Amino acid sequence: MSVCVKKYLLNSGFYMPAVGLGTWQGQVGSTATTEMRDTIIYALQKGYRHIDTAAVYGVEEIVGDAIRMSGVPRSEIFLVTKLHSTHHAHVEEAFLESMKRLNCEYIDLYLMHWPQALTLDGKHTKTPTPPETWLSMEALKTKYPDLVRSLGVSNFSEKTLDELLKVATIVPATNQVEVHPMLPQHDLVKYMNEKGIVTTCYSPLGQYVPAILKNPHVLELAEKYNVTAAQVVLAWEVSRDLVVIPKSTNRERIMQNITYPELAPEDIAFLNDFYSPPGMHRRLAQINGGTPTGHDIVMGWTYEELGWEPFTVEE
């Protein structure tokens, strides 16, 4: 097996590597700045060419430093960052602040991190709406065509994409959503393929709950291909022409996360249907809260408003 060099042609005309390194550390900022910087440098020097970050992660400065210190030409790196919900009414300001923190010549892909808008102090607000925010992002690209190459969204459903596309003159290049064997998003992926939108998977290994990587059948596949369970899952996602952005600071896992076997059709079919048994179709990412049940609200929006299926996090 060799390092995955697969790329997808975006509707913006640029190529996006199928595998990236995620930089979300489970908290805002990093308590191990040197470790994170060295992780990114190591990944780039070992063949990664796609780094995913966001303003809200609080690590853009570290990411920018690592890119410059890696020795890899900026032109070879696909850099993604995201607009925080607190700045939907201040898109240009937020973008330029990200540029300053990253200290880079341009951003390859700028995403609306969530459809929901928040005020600067983090309170829920109805305005601007996702379509209004998208129009501001289009205006940003028109004003700074050399600074932002592609635009996209994150955590959008068919419902919220339909609303956005009614006003858009630029179709989002990508939509970054939770995807793993317990939430394969078959319908959403099909919809986006029809619209020319590439799917990026966050939590591609189903982080936070070990139900996938410790599943006996997945472990059997890992033994069959002489790889880890994580490599099996990532290979399945890439076989679907999806982008994956696993995160790790462990150097062995960093290399495993970009090196996959080619799965047999019957093994792809098994993983396609992994979610089918009762209790196996659910969201795993811990992003919910706001009601007594802790499952009904995501950043002030109900699952219905988001257009999400009414799943809950497995405790």
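Looking at (1) farther than 19 Å from HIS113 by Cβ; (2) in a loop (DSSP other than H, G, I, E, B), which one does SER12 not meet, given that it meets all the others?
(1)
May I ask you to verify whether GLU266 is in contact (Cβ under 8 Å) with a residue 12 or more places away in the chain, part of a helix (DSSP H, G or I) and of a type in the set (Asp, Glu)?
It is false that GLU266 is in contact (Cβ under 8 Å) with a residue 12 or more places away in the chain, part of a helix (DSSP H, G or I) and of a type in the set (Asp, Glu).
Restricting to the stretch 134-187, count the residues that are touching a residue at least 40 places away in the same chain (Cβ under 8 Å) and assigned to a strand (DSSP E or B).
12
Hey, can you tell me all the residues within the stretch 188-198 that are over 25 Å from PHE270 (Cα atoms) and part of a helix (DSSP H, G or I)?
LYS195 - this is the single residue of the stretch 188-198 that is over 25 Å from PHE270 (Cα atoms) and part of a helix (DSSP H, G or I).
Show the residue pairs that are 6+ apart or on different chains and have beta-carbon atoms under 9 Å apart, the first residue being within the stretch 1-12 and free of Cβ contacts under 8 Å to residues at least 12 places away in the same chain and on the phi < 0 side of the Ramachandran plot, the second being assigned to a loop (DSSP other than H, G, I, E, B) and basic (Lys, Arg).
Within 9 Å, the pairs are LYS7/ARG49.
Residue check, VAL153 against (1) buried (at least 23 other Cβ atoms within 10 Å of the Cβ); (2) over 17 Å from the mean Cα position of the chain (by Cα), all met but one. Which one?
(2)
Step by step: first the residues of the stretch 112-131, then only those that are touching a residue at least 60 places away in the same chain (Cβ under 8 Å) and in contact with an Asp or Glu (Cβ under 9 Å, 6 or more places away or on another chain), then the one that is farthest from LYS159 (Cα to Cα). Which residue is that?
GLN116
List pairs: first in the stretch 90-108 and surrounded by fewer than 15 Cβ atoms within 10 Å (Cβ to Cβ), second among the hydroxyl-bearing types (Ser, Thr, Tyr), Cβ under 8 Å, 6+ apart or cross-chain?
Listed pairs, sorted by first residue: GLU92/SER136.
Tell me which residues, restricted to the stretch 203-221, are buried (at least 21 other Cβ atoms within 10 Å of the Cβ) and either within 22 Å of GLN176 (Cα to Cα) or within 17 Å of the chain's Cα centre (by Cα) (or both).
If the condition is that a residue be buried (at least 21 other Cβ atoms within 10 Å of the Cβ) and either within 22 Å of GLN176 (Cα to Cα) or within 17 Å of the chain's Cα centre (by Cα) (or both), then SER203, PRO204, LEU205, GLY206, ILE212 are the ones that fit.
Give ILE67, ILE51, ILE40 a once-over and let me know the one that is at pLDDT 95 or above, assigned to a strand (DSSP E or B) and crowded, with 16+ Cβ neighbours inside 10 Å.
Checking each option against the conditions leaves just ILE51.
Taking THR200 and the conditions (1) under 30 Å from TYR15 (Cβ atoms); (2) over 20 Å from the mean Cα position of the chain (by Cα); (3) of a type in the set (Ser, Thr, Tyr), which numbered condition does it fall short on, given that it satisfies the others?
It is condition (2) that THR200 fails.
Here is a yes/no grid of residues against (1) within 19 Å of GLU138 (Cα to Cα); (2) of a type outside the set (D, E, K, R); (3) over 19 Å from the mean Cα position of the chain (by Cα):
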| residue | (1), (2), (3) |
| --- | --- |
| THR39 | no, yes, no |
| TYR42 | no, yes, yes |
| GLN45 | no, yes, yes |
| GLY64 | no, yes, no |
| SER85 | yes, yes, no |
| GLU92 | yes, no, yes |
| ILE107 | yes, yes, no |
| MET112 | yes, yes, no |
| THR125 | no, yes, yes |
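Would you please name the residue that is farthest from GLU194 (Cα to Cα), looking only at residues in the stretch 118-156 that are touching a strand residue (DSSP E or B) at 6+ places or on another chain (Cβ under 8 Å) and hydroxyl-bearing (Ser, Thr, Tyr)?
Checked the stretch 118-156; the qualifying residue farthest from GLU194 (Cα to Cα) is THR119.
Checking VAL59 against (1) modelled with pLDDT of 95 or more; (2) out of contact with any Gly (no Cβ under 6 Å at 6 or more places or on another chain); (3) under 20 Å from LEU44 (Cβ atoms); (4) not aromatic (Phe, Trp, Tyr), which single condition isn't satisfied?
(1)
Has the stretch 110-133 got at least one residue that is surrounded by fewer than 22 Cβ atoms within 10 Å (Cβ to Cβ), modelled with pLDDT under 95 and on the phi > 0 side of the Ramachandran plot?
Looking for residues that are surrounded by fewer than 22 Cβ atoms within 10 Å (Cβ to Cβ), modelled with pLDDT under 95 and on the phi > 0 side of the Ramachandran plot, one finds at least one in the stretch 110-133, hence yes.
For the stretch 134-155, name all the residues that are among the hydroxyl-bearing types (Ser, Thr, Tyr) and touching a helix residue (DSSP H, G or I) at 6+ places or on another chain (Cβ under 7 Å).
Residue satisfying the conditions is SER136 alone.
Can you tell me which of (1) buried (at least 18 other Cβ atoms within 10 Å of the Cβ); (2) within 17 Å of LEU263 (Cβ to Cβ) is the one LYS224 doesn't meet?
The one condition LYS224 does not meet is (1).
The values are calculated or read from the model by the stated rules, or taken from the named source; none is laboratory data. This is a predicted model, so every value here is computed, not measured. Using ideal geometry, Cβ is built from the backbone for each residue, glycine included, and neighbour counts are taken over all protein chains shown.
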